[in-house]
Each structure stands twice: as structure tokens, then as C-alpha cells.
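Okay, so here's the structure we're looking at.
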Amino acid sequence: MEISRVNSKEKIGYLKVIVGAMFAGKTTFLINEFNSIKTCRPCLLFKPELDTRYSQKEIVSHNQEKVKAFVIRNISDIESHLLSHNFKDIFIDELHFFSPDSYVYLEELAKRGIKVVASGLDWNHFQEKPFETTANCLIIADYPVKLFAKCDYKAEDNIITDRICNNKATRTMWQPKWLPKNKEDYVGGKDKYISVCRDHYVPFFELTKMPERYEKKEAKKTGVVNCLYNHFKNTPKKLKFVCDWDEVIQPLEPKVYYELSEREGAYYDAPWWKPNGTKFEEFFRDFWPNAPIYFSDYGSHSIYTDESMVKSCLNEGNSFALGTRSIKNKTNKIKSEPNFYENSPFLTLAKELLKLIKENKAEVIFLSAYDKRVFADGDPRKKKIFSETFGKFPNCSLNLLGFDSEGKGQSKSEWIKENVPDCEVVIDDNPNILNSVIENNEKIIPVAPFYPTIKHHKKVLLIKTSLSDLKKEDFHHE
Ligand SMILES: [Zn+2]
């Protein structure tokens, strides 16, 4: 035995790593350890530069306990603090924000006889894998500590008891309805995150399917329905529908911006902007929770402007000089391309409507407004696509309603009142039109595709829609 060669009590350093989900008490644990050592000998506390959550120079636990900390950018910045003082105990918070090779330096510190206590998140919700830095450190830790939070998931269907799950929470997930855009957005506490158990954990990429996520919450308030077909299939008699085309049968606004993004690359800064090669399905999904849409009594269009979309890269020496109105000009050009509708997919609403038509449960008048300044006699592309699809059925017709430069013309609700007084269902994405339809005839069932940014009258039945696999070949009699 050669123990006498080493004075183990004096010299042996170690690495203690505390991991867990948010709200598991990691920082409280760290602060308690720090306070207990502090009374015996001086020690140092460090935190990464990124975490500005509660305080720049203090570490604050979720229950508001505060301790002074040194803010560092890299883990090796600790060295300069050690050189000037003879500290033997160091504490590190938010370990996961440091680079994955941080374990090398911490290992070295432990070998030099320094006692290191570090805490960090173990699961990266946004990348759906462990934080490499924390994982690496945990592997080499002399004292690995895993803490657990309580699952904060509240069963939405259990209104009476408001029961919170309370199981052992191992992961943290994002809460806001908006998607984080930059590093700073990710930093947050209970305002942005919830810790949950395995059963209640939802990967971030699934949370980004915002319409589905909204649906649960909105369903209680507004009654979002999953399927138009299921809702109307048991009708005792054939129903008379008046149905809009753009955003109900085929997408217009998201398709225009998708085309723009595919052609221009990532020059713009909008929450739904995607890199080239993104599938339209994904683009469509992320477009609707963010799209600012303007509604006139005739139609609807997005109101993205150059200012709202030109990316900050313009200030970083990039010379994509975009003149004012360039986005409007570009999107208008895309909208008026001859093959625009040919190249747009059909929405699931169209597929469900077709099913009702084929089963003789619906008669549909498609009513679509057009700008007389652009088309003298209605949009020929829409006439063509109609004749190749719904136009094959005797129960369907198309009416194009022109408005002129002042936005004057007969509005859809006036047209319906005059021409289809026995209309039973109106499907439109424009809340103004549905509002006046409701005013004109309280018996009509107003229906809108569910797009999170569009707020409708509480009477409106919202139907979930997304891109479908419906093809022109599917429009034939059986
Ligand atoms: Zn749970």
C-alpha cells in the first residue's frame, strides 16, 4: 500500500455533475453546495454568457435564490480566475451552454485537485437528443447526480378536477405558440417551458405542427372540426354549398410565398421562411400560424412588406438590394403565372367535399372573386382547373364575381342572398364575408378552413385542412 505517498484528503479533486430537466432543482442544489463550502473557504461560481434569464451577474434559481457569479464565454476562461487566486472549489451553472469538449478542461481541473460542481440540462428538446456537453461531463463525473422535476402536464379533458400529472419529469418542452427564431428566444423559464414525464413529452418538431397543437385548445372555445366529410356525411338530404376556391380548394397565399422562397433563397426574415428544398407541406403548416392576412369584402391577401421580410443579412454586407414594393411585385407576378393553379395541390377540404359530392350529399356552387383589372372576364386558369375537376360533376358550378379598381363590385354575401337564397352552407376563409353571410341569413352554416391567424365569428364552424394527395384523376364518376 502506497497511500502515504498521496495525501488524498488534501489533493484529490473531483467532478460532480448535476443533470435533469428544468425546474428539477439543479440550480438550487448548486447554490446550496456553494453556500455550504463558502462558509469554510473561498470558492467561485461561473455561468455562461448566454444565460441572461434573470440576472447578468448572479445565478438565480427558479425559486429566486441569488448568488454572485462570474460570467464567462468559454469554459477555459475559468483559468484566469484560478491563476489570480488559489481557489480549490468551483461551481458552474448551465453547463449545457458551453462547448461539448468542455469535459477535457474540467477533467484537467479535477486532476489538479480542484473540486468542480457543475449543473446543466441533459435533454436538448429542440434537437431531440442529449446535450453533448452535459452528457460528456456526466460520463466522466465522479459524482453524477440526476434530479427530477414533477410533470406539470394538465389533462385538458379533465376540466372538473384540473388534475396535474405530477409524475417524475425527465424532459422539458417548449410552450409558446410562436416558434423561437434566435438563440436569445430559447432562454427562458416557466414563461416558455414546461417539464413533463415521458408520457406527456412531445418532440419539438411535432410541436411545430402548430395547427394541430392549437386545435386541442381552440376546439373547446371555437369547435374546430377534424373533417368536413364526417361532419356532414349523415345529412338527411342533399345540402347546398357555396364554396370559395383559394385557401379552401387550393392554397394561394402560402403557395405564392413558397414559390418566392424557392426562387429567391433565404433573403427574407419571416417566421415561416424555410430554406430551399423544403417540402411545401412543411411550408404550408408553418405559414398559417404566422401569416398576417388582410381581408377586404372581396378577397384576402397577405400583407408582408419589404420591411417586415428583409433579413438582417442586408446589414451584414450582403448586397441583395431589394427595392420597396419588390415583394408585392414579385408575389403578384407569381400569382398571375399561367400554370399557378396547375401546380398547386388540393387541400384536404377539397377531398372531403368531393366525397360528399360523389355520395350525392352536396351540391356546390364555387364562388370566387376576381380583380377586373387583371382579368376581363374572370380568371381563365380557375375556369380551366374547375372544368378539369369539380366541373365534371353535374352538381357543381363555378361563378366568378368581378370587382373593380376601387374594390367595388357585388360582394359575395350579396350575391348569395340574391342568387342562392336556399343556400345552406358557405365555406370561405374571409371572416368579413362570413360575417355578412351570418347577418343576411342566420340559418346558413358558415364554415371556414382552420388557419390559426384568422379570427372568425363564434358561429363559424372551423375545419382542419392541410395538403392532400387528391389528383385530377380522382375527379370522375364512379
Ligand atoms: Zn406526465
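Details
- Residues considered: Thr453, Thr465. Of these, the only one that is surrounded by 22 or more Cβ atoms within 10 Å (Cβ to Cβ) and in a loop (DSSP other than H, G, I, E, B) is Thr465.
- Filter pass, His476 being more than 36 Å from the chain's Cα centre (by Cα), surrounded by fewer than 19 Cβ atoms within 10 Å (Cβ to Cβ) and not in a helix (DSSP H, G or I): yes
- Residue match in region 137-152 (condition: hydrophobic (A, V, I, L, M, F, W, C), modelled with pLDDT under 95 and more than 16 Å from the ligand (Cβ to nearest atom)): no
- In region 322-335, the residues that are at pLDDT below 50 form Cβ pairs under 7 Å with partners that are surrounded by 14 or more Cβ atoms within 10 Å (Cβ to Cβ), at six or more places apart or across chains, as follows: Leu322/Asp306; Leu322/Val310; Thr324/Asp306.
- Residue within region 400-413 that is buried (at least 21 other Cβ atoms within 10 Å of the Cβ) and in contact with a Cys (Cβ under 7 Å, 6 or more places away or on another chain) present: no
- Region 97-115, subset under 36 Å from the mean Cα position of the chain (by Cα) and either closer than 19 Å to Glu58 by Cβ or aromatic (Phe, Trp, Tyr) (or both), residue surrounded by the fewest Cβ atoms within 10 Å (Cβ to Cβ): Phe97
- If the condition is being at pLDDT below 90 and farther than 19 Å from Ile12 by Cα, then region 84-104 contributes only Ser84.
- Restricted to region 68-183, the set of strands (runs of 3 or more DSSP E) holding at least 2 residues that are within 17 Å of Phe23 (Cα to Cα) comprises 115-121, 143-147, 171-174.
The values are calculated or read from the model by the stated rules, or taken from the named source; none is laboratory data. Computed from a predicted model, the values in this text were never measured in an experiment. FYI the Cβ positions are ideal-geometry reconstructions off the backbone, even for glycines, and counts take in every protein chain you see.
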